[in-house]
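Right, one structure below, let's go through it.
Coordinate-derived values only; no laboratory data. Since the structure is predicted, the reported quantities are computational estimates derived from the model, not experimental observations. Please note: Cβ atoms are built from the backbone with ideal geometry, for glycine as well, and neighbour counts cover all protein chains shown.
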Amino acid sequence: MQHPVQALAPVAAQVLNTLYGLALSPAEVALQETRKEFAGDFTLVVFPYTRLSKLAPEATGAQIGAAILETAPALVRGFNVVKGFLNLELADQAWLSAFAEASRAGRFGAGPAKGQRVMVEYSSPNTNKPLHLGHMRNIFLGSALSNLLELSGFDVVRANLVNDRGIHICKSMVAYARLGQGETPASSGLKGDHLVGKYYVAYDKAYKTELAELKAQGKTDEEAEANSTWAQAARQSLELWEAGDPDTVALWKQMNGWVYEGFEATYKRMGTRFDKFYYESDTYLLGKDIVEEGLAKGVFYQKEDKSVWIDLTAEGLDHKLVLRGNGTSVYITQDLGTADLKAKEYALDRSVYVVGNEQDYHFAVLFAILKRLGRPYAKGLFHLSYGMVDLPSGKMKSREGTVVDADDLMEETVQEARNRTAELGKIAEMSAQEAEALYEMLGLGALKYFLLKVEPKKRMTFNPAESIDLQGNTATAIQYSHARICSVLRKAAAEGLEADAAPANYTLHPDERALIAHLATLPEVVERAAAEMAPSPLAAFSYDASRAFNKFFTSCSILSADSVEQKRFRLALCDLTARCLRTAMAVLGVAMPERM
RNA sequence: GCACUCGUAGCUCAAUUGGAUAGAGCAUCUGACUACGGAUCAGAAGGUUUGGGGUUCGACUCCCUACGAGUGCACCA
């Protein structure tokens, strides 16, 4: 797709060269969209050139504008200068041919294949409790980023590193062994992850009660901790697991199996999937060979107690332990090993970790170590860090029962969509099954959009009551525009009217022009968002596109347009709008209904 | 204490990466051809971009500083 600015930039570059002897590449010419309160399509800021022109900003703008108009009269139909801003107005034909080309494109907005592979690791849950709102931000982000990178032309591997071992799992196991009485998901009617979570909570409660009793008997905090039968049992369970004790391993497998069934259902409803699962039970011993290698290379150093460290003060970081004195791993040891494993298995050019910002320092250290070790893939590492999700009441705390459960929230939001749709009563002819599918699209769409429209690194507030609001800057509003377009296209088809994206001679209405100009930015939006690893621009694009369409829709009649040619052109515009909306929203994982 | 992140309308968020008069939605107020779908559109009101300095033709954006919020500084994961 040839965006008009791609034709305009070389012209501007050439003009600047002729006038001032500047050798700029077209990409270096900063053309931006003209603000809507001024006339024009693209604006060149001329301040940087006043020194060369030796003229006032206005005169410089006029000089450049006149030269551009002379060089490319078919592309530019006029210009105006306000202070140091040169506003260029494109000829209708420039927009029309861009539009015709976009309409012909197979997947308008998609980038060419890059021949590069990227892994996106996200979700990465613990297997001791169900997923909550914080995980949802992670999963929607990771999923959207994967879609985005794919659209922009990367070969994407979606990976999930499951934290399936450790003391937290053992706590659930101990509580289940003591209190469970053979309960199963089937016998309890609970989803597997919720059942296991129930015992994790039970452990915490029993442990706290016991601590309080011990302290009441006059024990200090440390003594109480050491004498707690619950804590002892959990530690013992972990040792037995590490030793491969058959009963412990069997219980572990059983309970993790329940959790995976539960997660599977949650992932499915969220609309995400993974190409590769890594399990910490397989990877937690990796990385020791890298410690050896680092020592041999002199990247690491050893203290007298045999512990192994790296000095990262040159990078503005600190000294970091990579192996304990007793030869056992720390967290970063296995992360080093897993990074090598991933790169080896998939020949990765880039590797993204979607992890909360409390681990910013950890990833800075991890990446710095891999660079020092000279790993060729190290330059492609990226930590997509995101902020915590707060509730209006403050922080989510699992211990205080203020977490928002993912399954509950999805159900609630879908219910809200159900109620709202019933209120409006527009889908009488739908089958029950179609209606249910619609409620899922609306409910899940609202949730995903709400969590993804915000810049990841910002901490955000989630108001359960407001987020499922279905008006304003929401997925629902965008879905509504799409449904309206589909309705028009259905009517046109029934009348036998066909779209035509390339009318011979056509004068654009300002709202048509504005809509085309906005749609034309999609490839650039995709490219930039992918480069920045940020899905949120796709949300902004979609919302703006739907608004531009709504404006066009109220000011321009489609099926009762003046001429057949105009009807057919506007149908083509409707069609491209719908396609752009589907493409952009698909990145966010939001499906677009044909009726609602 | 040290380091990192954030601070924009009453609320939730934007701002083309240093460009024009800082934009949307919600909430409030006022309008819209009996409408190709009103889950919409048009308009009003709401701002010293946390405060104070600095750099620049030009600052929400960069630098310094104060304040506020959060996170990290484990031989935990």
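The table for this structure:
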read-out	value
Cleavage-rule hits (GluC sites (Glu not before Pro)) in the stretch A:13-119: DSSP loop, at most 12 neighbouring Cβ within 10 angstrom	A:E37
Cross-link partners of A:K219 among aspartates and glutamates (Cα-Cα below 14 Å; sequence separation of 8 or more within a chain)	A:E210
Mean separation of Cα contacts under 8 Å (6+ apart) over length of the stretch A:5-90, as relative contact order %	29
Residues A:L370, A:L179 arranged by fewest to most Cβ contacts within 10 Å	A:L179, A:L370
Computed P(r) (all Cα pairs; the stretch A:410-471; 5 Å bins; percent)	4, 18, 27, 21, 14, 9, 5, 3, 1
Dmax and Rg, reported as Rg then Dmax, of the stretch A:60-125 (C-alpha, Å)	20.2, 62
Charge dipole (chain A, unit charges on Cβ, about Cα centre) - positive-most of A:F553, A:V196, A:Q471	A:F553
Cα-Cα over 30 Å, subset of A:K297/A:K379; A:K303/A:K371; A:K395/A:K426; A:K36/A:K567; A:K397/A:K453; A:K397/A:K448	A:K395/A:K426
Global geometry of the stretch A:14-79, whether rounded, prolate or oblate, following the gyration tensor of its Cα atoms and the 1.5 cut on a/c	rounded
Farthest positive-ward along chain A dipole, Cα basis, beta-carbon charges - from A:A406, A:L373, A:L321	A:L373
A:S487, A:S53 arranged by Cβ crowding within 10 Å, fewest neighbours leading	A:S487, A:S53
Among A:286-295, A:574-583, the order from most to least packed when residues are scored by Cβ within 10 Å on average	A:574-583, A:286-295
Rounded, prolate or oblate (a/c below 1.5 giving rounded, otherwise prolate when a/b exceeds b/c) for chain A by Cα gyration tensor	oblate
31 Å Cα-Cα threshold exceeded, pairs from A:K268/A:K551; A:K268/A:K320; A:K114/A:K268; A:K171/A:K276; A:K268/A:K491	A:K268/A:K551; A:K268/A:K320; A:K268/A:K491
Rounded to whole Hz, the Karplus (6.51, -1.76, 1.60) HN-Hα couplings of the stretch A:166-174, x for glycine and proline	x, 5, 5, 5, 5, 4, 4, 5, 5
Inter-part distance where the stretch A:1-30 and the stretch A:516-590 are each reduced to a Cα centre, Å	27
Estimated dipole of the stretch A:5-90 in Debye, rounded to 20 [Cβ of Lys and Arg +1, of Asp and Glu -1, Cα centre]	180
Computed [θ] at 222 nm, helices only, for chain A once each DSSP H run of length n ≥ 4 contributes -39500 (n - 2.57)	-18000 deg cm²/dmol
Proxy reagent accessibility, fewest Cβ within 10 Å first, across A:E434, A:E304, A:E358, A:E150	A:E304, A:E358, A:E434, A:E150
Charge dipole magnitude, Cβ of K and R +1, D and E -1 - chain A, Cα centre, debye nearest 20	740
Cα shape, the stretch A:351-439, gyration tensor, a/c 1.5 rule	oblate
Largest-first principal axis extents of the Cα set of the stretch A:52-164 (Å)	69, 36, 25
